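The values are calculated or read from the model by the stated rules, or taken from the named source; none is laboratory data. Keep in mind that what you see is a predicted model, and the values were worked out from it rather than measured. Don't worry about glycine lacking a Cβ; one is built from the backbone with ideal geometry, like all the others, and counts go over all protein chains shown.
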Amino acid sequence: MSVWLTILVAGLGSYLFRISMVVLADRMTMPEKLERASTYVAPAAFAALAAGGIAANTAGLDVGGWIPPLAAVVVAVIAVRRTGRPYAALLAGMPALWVLTAVVPA
Amino acid sequence: MTAVTVAPVRSVRGGDFAAGARAMVPWLAGVAPFGLVIGVSAAQADIPTLAGWLTGPTIYAGSSQVAAIEMLDAGSAPVVVVITALVINLRLILYSGAIATHWRGTPRWWRAMAAYLLVDPSFVVGIDRYQRPGDRNDAHTFYLGGAITLWITWLLALGAGATLGAQLPAALHLELVIPLYLVGEIVPKLADRAARRAILTAVVVAVVAVSAPLHLGVVLAIIAGLGAALTVKEGQR
């Protein structure tokens, strides 16, 4: 299989994953438990992607490396809780990250 | 006049399309540098640069594209490359299942196109809009606004990386834009008991499984989070 064909097959498989449940949802009724579970895919996926992203970025770093991102997360959580607005996480978290990265010795 | 059984998807809804595109902006800051990096790696890999770029419009999922390009560069067997890319993309089935109920009643061509654009950022931006009250057709347009903006940006970033070999402004730590953005989306959901259990479980599993082979950590964390949410009886908050 050539490089081109390999990429096309991986792409086709990925597309079948994307369309799979969209097609099946029309032909069958999702079990009640699965339907209920699907409402929690979003919070579980958001949490997995956020924690996985931060963990991947701090893996192998010493204390000085992982304090700024973790502290930025804490600042972001507090900002969202206080304002009730999701975007406050970025507005408060990124500046906190920049300041802490500059201040905390690596 | 025959009864119309398929809900129409109106195409001229500039406000909702633009709102979806705006909701995608925080993601663009995070994914564009990622796209540049993948473009650079495609240019440096021992495969045709155009083939590396083609992972964008075909596979269309960053981690999976990285795996495909690196493994092809290393000379891995095509079957192993395909299996690895698909294992990393298993989460797309979960996204498909979660968003399918919102797409019921739309024309087939629309679902075929909307599904092609389904990936982490478009899922997050889209599902957030679908879960809010309002006209379903407006939400469809909102989804497309975000998803098409992402698609164009992603392919341009890959192309720029592949041709220019652009360097990342590392001091800006843009790699943390997405995790922090997600934190903002998660915090309000902590009020619901089942969602809280899903989130905390997913966080723990994602951190523990960060080094899991084949990038399985994310999909394991999502499944564990779902399992934890379902241990809460319906109605309990």
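Does B:Arg111 meet the test of being over 30 Å from B:Leu50 (Cβ atoms), buried (at least 17 other Cβ atoms within 10 Å of the Cβ), among the basic types (Lys, Arg) and in contact with a helix residue (DSSP H, G or I) (Cβ under 7 Å, 6 or more places away or on another chain)?
Working: over 30 Å from B:Leu50 (Cβ atoms): no; buried (at least 17 other Cβ atoms within 10 Å of the Cβ): yes; among the basic types (Lys, Arg): yes; in contact with a helix residue (DSSP H, G or I) (Cβ under 7 Å, 6 or more places away or on another chain): yes.
No: the conditions fail for B:Arg111.
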- Query: Filter segment A:7-60 for residues that are modelled with pLDDT under 80 and in a loop (DSSP other than H, G, I, E, B); which is nearest to B:Val232 (Cα to Cα)?
  - Reply: A:Thr39
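Quick one: in segment A:51-76, which of the residues that are buried (at least 20 other Cβ atoms within 10 Å of the Cβ), of a type in the set (A, V, I, L, M) and touching a residue at least 12 places away in the same chain (Cβ under 8 Å) is nearest to B:Phe34 (Cα to Cα)?
Initial filter on segment A:51-76 (buried (at least 20 other Cβ atoms within 10 Å of the Cβ)): A:51-55, A:68-69, A:72-73, A:75-76.
Cutting the leftovers down to of a type in the set (A, V, I, L, M) gives us A:51, A:54-55, A:72-73, A:75-76.
In the following step, the residues that additionally are touching a residue at least 12 places away in the same chain (Cβ under 8 Å) were identified as A:54, A:72-73, A:75-76.
Details: A:Ile54: 15, A:Ala72: 21, A:Val73: 21, A:Val75: 25, A:Ala76: 23 Å.
Per the stated criteria, the residue is A:Ile54.
Yes/no per residue for (1) out of contact with any helix residue (DSSP H, G or I) (no Cβ under 9 Å at 6 or more places or on another chain); (2) more than 17 Å from A:Gly52 (Cβ to Cβ); (3) in contact (Cβ under 8 Å) with a residue 60 or more places away in the chain:
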position: B:Leu117; (1), (2), (3): no, yes, no
position: B:Asp128; (1), (2), (3): no, yes, yes
position: B:Gly145; (1), (2), (3): no, yes, yes
position: B:Gly159; (1), (2), (3): no, yes, yes
position: B:Ala198; (1), (2), (3): no, no, no
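Among B:Ala51, B:Ala98, B:Ala42, B:Ala112, which is outside the structural domain of B:Gly217 (by TED's automatic domain parsing), more than 26 Å from B:Gly184 (Cβ to Cβ), at pLDDT below 90 and not charged (D, E, K, R)?
Details: B:Ala51 fails: at pLDDT below 90; B:Ala98 fails: more than 26 Å from B:Gly184 (Cβ to Cβ); B:Ala112 fails: at pLDDT below 90.
Result of the check over B:Ala51, B:Ala98, B:Ala42, B:Ala112: B:Ala42.
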- Message: Just to be sure I understand, how many residues within segment B:36-71 are small (Gly, Ala, Ser), surrounded by fewer than 19 Cβ atoms within 10 Å (Cβ to Cβ) and within 12 Å of A:Ala10 (Cα to Cα)?
- Response: 0
- Message: Please count how many residues of segment B:183-197 are more than 19 Å from the chain's Cα centre (by Cα), among the small types (Gly, Ala, Ser) and at the interface with chain A (Cβ under 7 Å from one of its Cβ atoms).
- Response: 2
- Message: Could you go through segment B:54-77 and let me know if any residue there is outside any helix (DSSP H, G or I), out of contact with any helix residue (DSSP H, G or I) (no Cβ under 6 Å at 6 or more places or on another chain) and more than 10 Å from every other protein chain (Cβ to nearest Cβ).
- Response: yes
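Between B:Ala194, B:Ala157, B:Ala147, B:Ala171, which is part of a helix (DSSP H, G or I), modelled with pLDDT of 85 or more, small (Gly, Ala, Ser) and not assigned by TED's automatic domain parsing to the domain that holds B:Asp128? Steps first, answer last, please.
Values: B:Ala157 fails: not assigned by TED's automatic domain parsing to the domain that holds B:Asp128; B:Ala147 fails: not assigned by TED's automatic domain parsing to the domain that holds B:Asp128; B:Ala171 fails: modelled with pLDDT of 85 or more.
Result: B:Ala194 is the single residue among B:Ala194, B:Ala157, B:Ala147, B:Ala171 that is part of a helix (DSSP H, G or I), modelled with pLDDT of 85 or more, small (Gly, Ala, Ser) and not assigned by TED's automatic domain parsing to the domain that holds B:Asp128.
Can you find a residue that is in a loop (DSSP other than H, G, I, E, B), touching a residue at least 12 places away in the same chain (Cβ under 8 Å) and surrounded by fewer than 21 Cβ atoms within 10 Å (Cβ to Cβ) anywhere in segment B:23-35?
Step one: list which residues in segment B:23-35 are in a loop (DSSP other than H, G, I, E, B), which gives none.
Scanning segment B:23-35 turns up no residue that is in a loop (DSSP other than H, G, I, E, B), touching a residue at least 12 places away in the same chain (Cβ under 8 Å) and surrounded by fewer than 21 Cβ atoms within 10 Å (Cβ to Cβ).
Could we say that A:Pro95 is over 18 Å from the mean Cα position of the chain (by Cα), part of a helix (DSSP H, G or I) and exposed (fewer than 14 other Cβ atoms within 10 Å of the Cβ) here?
Details: over 18 Å from the mean Cα position of the chain (by Cα): yes; part of a helix (DSSP H, G or I): yes; exposed (fewer than 14 other Cβ atoms within 10 Å of the Cβ): yes.
Yes, satisfied.
Could you identify the single residue in B:Ala114, B:Ala100 that is in a helix (DSSP H, G or I) and at the interface with chain A (Cβ under 7 Å from one of its Cβ atoms)?
That would be B:Ala100, the only listed residue that is in a helix (DSSP H, G or I) and at the interface with chain A (Cβ under 7 Å from one of its Cβ atoms).
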- Item | Yes/no for B:Ile88 being farther than 13 Å from A:Leu8 by Cα and buried (at least 20 other Cβ atoms within 10 Å of the Cβ) | yes
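Within the bounds of segment A:31-49, is there any residue that is of a type in the set (S, T, N, Q), more than 7 Å from chain B (Cβ to nearest Cβ), buried (at least 17 other Cβ atoms within 10 Å of the Cβ) and touching a Phe, Trp or Tyr at 6+ places or on another chain (Cβ under 6 Å)? Walk me through it before giving the result.
Going residue by residue through segment A:31-49, those that are of a type in the set (S, T, N, Q) are A:38-39.
Retained after the next criterion (residues that are more than 7 Å from chain B (Cβ to nearest Cβ)): A:39.
When the remaining residues are screened for being buried (at least 17 other Cβ atoms within 10 Å of the Cβ), the result is A:39.
Okay, now just the ones that are also touching a Phe, Trp or Tyr at 6+ places or on another chain (Cβ under 6 Å), so none.
Within segment A:31-49, none of the residues are of a type in the set (S, T, N, Q), more than 7 Å from chain B (Cβ to nearest Cβ), buried (at least 17 other Cβ atoms within 10 Å of the Cβ) and touching a Phe, Trp or Tyr at 6+ places or on another chain (Cβ under 6 Å).
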